[in-house]
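Notes follow the structure.
The values are calculated or read from the model by the stated rules, or taken from the named source; none is laboratory data. The structure presented is a predicted model; accordingly, all values stated were derived computationally and were not measured. As a convention, Cβ positions derive from the backbone with ideal geometry for all residues, glycine included, and neighbour counts pool all protein chains shown. Each accessible area value is taken on the protein alone, full model and side chains, heavy atoms only, with ligands, DNA and RNA left out. Shrake-Rupley method; radii C 1.70, N 1.55, O 1.52, S 1.80 Å.
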Amino acid sequence: MLRRRLEAALHCLFLLLGSFLVVESAIGVNWGTISFHKMKPSTVVDLLKSNRVEKVKLFDADSRVLKALMGSGIQVMVGIPNEMLASLSSSSLASDLWVRQNVSSYVVKGGVDIRYVAVGNEPFLTSYNGEYQSYIMPALLNIQQSLAKANLASYVKLVVPCNADAYESSLPSQGAFRPELTQLMTQIVSFLNSNGSPFIVNIYPFLSLYGNSDFPQDYAFFEGTTHAVTDGSNVYYNAFDGNYDTLVSALTKIGFGQMPIVIGEVGWPTDGAMGANLTAARVFNQGLINHVLSNKGTPLRPGVPPVDVYLFSLLDEGAKSVLPGNFERHWGIFSFDGQAKYPLNLGLGNKVLKNAKNVEYLPSRWCVANPFRDLTDVTNHIKLACSVADCSTLNYGGSCNGIGAKGNISYAFNSYYQLQMQNEKSCEFDGLGMITFRDPSIGECRFLVGVTDNRSLSSHSSGESALIWVSILWVFWTLIL
């Protein structure tokens, strides 16, 4: 009896001390995999470890990715895509199966340190017109029960990543959830709070700047602004803090003003739109990291920064939809092949980013426009190539926008050729394309060479020597032009 009382007293003491501890933010990354050119997951995990990244957020539960994370010590958030919410909300058997296959089978000794399960991804976006709203609470309840059956409910926490459009206001202090969401958000936040889960929000100052020509550019960054927002006695010098405190106000209005907050996505793209470039991305991301790790917090939460911040994103994803904009494929702090785009100190021990090692590239060759052919009828070929491959950098604001007509043709041809794993026939284009061994990259416009994850490659060429001679002729031709 005495021993039990002592244990209980110690437990209370630890809880009391814990309430006075200052929790510092941790920097993690989003690892998206919607790419034409995928490195081996083990190579990506090595990249995370070499950069001392200890937290990673996934958008699904890809078995190859999870297997690569086994034994890494990296804390993981796995995601449930919105398309799966209907079945998981209506069937406890479905949720049991999902948890068994994607969580409990990995949370074992020497396995994957799964800390969160993200139930949906921005399911309340206004563009979804309420399609997923009715599924969230039933899915949360089913998956929570499934975690309990697997004895994981106290370790693996459920979360619902929300876009910042779930709340609105003209000033941070007036923040409130959208009227049609208020009742549902109250239920969700109450559930999250009772289970020790944080509120996850995605904040994108870039999108505010991109979507509003009147938005003050310097307010999107952390370098100071001439457009500070005064809200009563509080002054906001950057859009991130203003957005964050709008959420704090919204949570306060429904009775959860002290709810822990995690930033699920935040970042700046490097290509595909005006304002999306290497310099802006470096300044924003470094400013964000320095701001968060300073532990200054925000006017409504001084000294209390977000619990975790997940940068968006680790790698470029060249197969993402460009419906929101061509920049969607260029959020990575690393290019698709794990090469750092710009100097960045994550505050995790390394002063600069370290590149991926042992990346398995395809041979160093490219498909370009044949300088000996009339290119008048090339339009349909470009449309075909770019309807399949990624040509987003060729558009207005992109890094390859100014390389000229022939450069555009070559870029389109090469993007398709690399996507087809350098199959020789994929560079024919009715004789308008040719293969070269000379890198046709121009300035900041990079003509990529694909990577391979050891899948069997198509036959590249039946006549390697012929390709070499054609390449020599192409070099000679470009030199005399």
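Determine which member of the set Tyr219, Tyr155, Tyr135 is aromatic (Phe, Trp, Tyr) and within 23 Å of the chain's Cα centre (by Cα).
Tyr219
Could you check, for segment 190-202, whether at least one of its residues is closer than 16 Å to Pro260 by Cα, aromatic (Phe, Trp, Tyr) and outside any loop (DSSP other than H, G, I, E, B)?
Taking every residue of segment 190-202 in turn, at least one turns out to be closer than 16 Å to Pro260 by Cα, aromatic (Phe, Trp, Tyr) and outside any loop (DSSP other than H, G, I, E, B).
Let's see how each residue does on (1) under 20 Å from Phe199 (Cα atoms); (2) outside any loop (DSSP other than H, G, I, E, B); (3) out of contact with any helix residue (DSSP H, G or I) (no Cβ under 8 Å at 6 or more places or on another chain); (4) open to solvent by 40 Å² or more (accessible area, probe 1.4 Å):
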| site | (1), (2), (3), (4) |
| --- | --- |
| Asn290 | no, yes, yes, yes |
| Val304 | yes, no, yes, yes |
| Val309 | yes, yes, no, no |
| Ser313 | yes, no, yes, no |
| Glu317 | no, no, no, no |
| Lys320 | no, no, no, no |
| Phe327 | no, yes, no, no |
| Gly332 | no, no, yes, no |
| Gly338 | no, no, no, no |
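Spot the failing condition for Asp231; the list is (1) open to solvent by 20 Å² or more (accessible area, probe 1.4 Å); (2) charged (D, E, K, R); (3) in contact (Cβ under 8 Å) with a residue 12 or more places away in the chain; (4) closer than 25 Å to Leu171 by Cβ, and only one is missed.
Status for Asp231: all satisfied but (1).
Quick check: anything in segment 353-366 of a type in the set (Lys, Arg), open to solvent by 10 Å² or more (accessible area, probe 1.4 Å), touching a residue at least 24 places away in the same chain (Cβ under 8 Å) and within 22 Å of Met274 (Cα to Cα)?
Among the residues of segment 353-366, not one is of a type in the set (Lys, Arg), open to solvent by 10 Å² or more (accessible area, probe 1.4 Å), touching a residue at least 24 places away in the same chain (Cβ under 8 Å) and within 22 Å of Met274 (Cα to Cα), which makes the answer no.
Find all pairs meeting these conditions: Cβ atoms under 6 angstrom apart; at least six residues apart or on different chains; first residue within segment 294-315 and more than 19 Å from Leu353 (Cβ to Cβ) and of a type in the set (Ser, Thr, Tyr); second residue modelled with pLDDT under 95 and assigned to a loop (DSSP other than H, G, I, E, B).
Here the result reads none, with nothing in segment 294-315 linked to a residue that is modelled with pLDDT under 95 and assigned to a loop (DSSP other than H, G, I, E, B).
Determine the pairs where a residue that is in contact (Cβ under 8 Å) with a residue 12 or more places away in the chain, located within segment 101-114, has a partner that is in a helix (DSSP H, G or I) and among the hydrophobic types (A, V, I, L, M, F, W, C) with Cβ atoms under 6 Å apart, the partner being 6 or more residues away or on another chain.
Tyr106/Leu66; Val112/Leu66; Val112/Leu69; Ile114/Val103
Can you name every residue in segment 67-96 that is among the β-branched types (Val, Ile, Thr) and over 18 Å from Leu147 (Cα atoms)?
Ile74
Give Thr279, Thr270 a once-over and let me know the one that is within 15 Å of Phe334 (Cα to Cα) and open to solvent by less than 50 Å² (accessible area, probe 1.4 Å).
It is Thr270.
Got at least one residue in segment 421-429 being more than 30 Å from Ser294 (Cα to Cα) and open to solvent by less than 10 Å² (accessible area, probe 1.4 Å)?
yes
Given the criteria open to solvent by 10 Å² or more (accessible area, probe 1.4 Å), of a type in the set (Ser, Thr, Tyr) and either within 22 Å of the chain's Cα centre (by Cα) or closer than 16 Å to Asn163 by Cβ (or both), does Thr252 qualify?
No; evaluated as a whole, the condition is false for this residue.
How many of the residues making up segment 384-409 are over 28 Å from the mean Cα position of the chain (by Cα) and either among the basic types (Lys, Arg) or within 16 Å of Glu328 (Cα to Cα) (or both)?
Looking only at that region, the number is 1.
To keep it simple, each residue is scored yes or no on (1) in contact with a helix residue (DSSP H, G or I) (Cβ under 7 Å, 6 or more places away or on another chain); (2) free of Cβ contacts under 8 Å to residues at least 60 places away in the same chain; (3) of a type in the set (Phe, Trp, Tyr).
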site	(1), (2), (3)
Val156	yes, yes, no
Val160	yes, yes, no
Pro179	no, yes, no
Tyr210	no, no, yes
Asp218	no, yes, no
Thr225	yes, yes, no
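Check Ile188, Ile203 and return the single one that is within 30 Å of Ser105 (Cβ to Cβ), in contact with a helix residue (DSSP H, G or I) (Cβ under 9 Å, 6 or more places away or on another chain) and open to solvent by less than 20 Å² (accessible area, probe 1.4 Å).
Just a single option satisfies the conditions, and that option is Ile188.
What's the total number of residues in segment 399-420 that are of a type outside the set (Ser, Thr, Tyr), assigned to a helix (DSSP H, G or I) and open to solvent by 40 Å² or more (accessible area, probe 1.4 Å)?
Of the residues in that region, 3 qualify.
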